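The values are calculated or read from the model by the stated rules, or taken from the named source; none is laboratory data. The model shown is predicted, which means the values in this text are computed figures rather than measured ones. Because the Cβ atoms are built from the backbone with ideal geometry, glycine has one as well, and the counts that use them run over all protein chains shown.
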Amino acid sequence: MNKYMKGLHSLTFLLLVIGGLNWLLVGLFQWGIGDLFGGDGAVVSRIIYVLVGLSAVYEVAIHKQSCKFCSKGDQM
Ligand SMILES: [Zn+2]
């Protein structure tokens, strides 16, 4: 794994964590990260949501190579 891949993974992983914590906040307090930027409909909120979603797609795509459990358990 080269430096670019590592940086991209760190970034997308961080965004996924933010997305997950956002759902936690929404579930517990009905308050999400989007509310910081003017609500779910605001452009900044939507950009964050899109970035989180794209990070999920990227992490799913590279998951097999990066995950020691999945790369070993191919015979499943
Ligand atoms: Zn895995």
Checklist entry - When you scan the stretch 33-76, how many residues do you find that are within 17 Å of residue 20 (Cβ to Cβ), without any contact (Cβ under 8 Å) to a residue 24 or more places away in the chain, within 11 Å of the ligand (Cβ to nearest atom) and not hydrophobic (A, V, I, L, M, F, W, C)? => result 1
Next on the checklist: Taking the conditions exactly as written (out of contact with any Pro (no Cβ under 8 Å at 6 or more places or on another chain) and either away from the ligand (no atom under 16 Å from the Cβ) or modelled with pLDDT of 85 or more (or both)), does residue 27 satisfy them or not?
Outcome noted: yes
